[in-house]
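The values are calculated or read from the model by the stated rules, or taken from the named source; none is laboratory data. Computed from a prediction, not measured in an experiment: that's the story for all the values here. Glycine also receives a Cβ, built like all others from the backbone with ideal geometry; neighbour counts cover every protein chain displayed.
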Amino acid sequence: MDSIQTLSIPTDTGYTRIGNNQENSNSKFSLFPNPAKETTLIKLMHPSSEEYTVNILDFLGKIQLEFIIKDEKEISLKELSPGTYIVKLFNKGDLIESHKLIKFN
């Protein structure tokens, strides 16, 4: 039996989920591959006609990338330095969910 280990960390703008299962049944979006080198695919688990805003932040909280998504989008990570980032999904300004993203060389 596999155990799912997830930790939710409170932040100023919501909760950041960190764990070994980024695609569980409760997730609103997935990142693949993660860790990633040049690109990652961000996919909404339940696509809709609504637009969602995605922010990719460094661990200091500075937005490194920002874009709109409706279902899925392949994102270039070439402009990011290797490290750990937080990917936040917003709908109408409300934080829906966050995931950790690791960028490597």
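What the table below lists for this structure:
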| item | result |
| --- | --- |
| Residue match in the range 72-83 (condition: in contact (Cβ under 8 Å) with a residue 12 or more places away in the chain, in contact with a strand residue (DSSP E or B) (Cβ under 7 Å, 6 or more places away or on another chain), surrounded by 12 or more Cβ atoms within 10 Å (Cβ to Cβ) and of a type in the set (S, T, N, Q)) | no |
| Criterion (modelled with pLDDT under 95 and out of contact with any Lys or Arg (no Cβ under 8 Å at 6 or more places or on another chain)) met by exactly one of SER8, SER25, SER49 | SER25 |
| Candidate set from the range 46-105 (those that are in a loop (DSSP other than H, G, I, E, B) and among the acidic types (Asp, Glu)); member that is farthest from SER30 (Cα to Cα) | GLU79 |
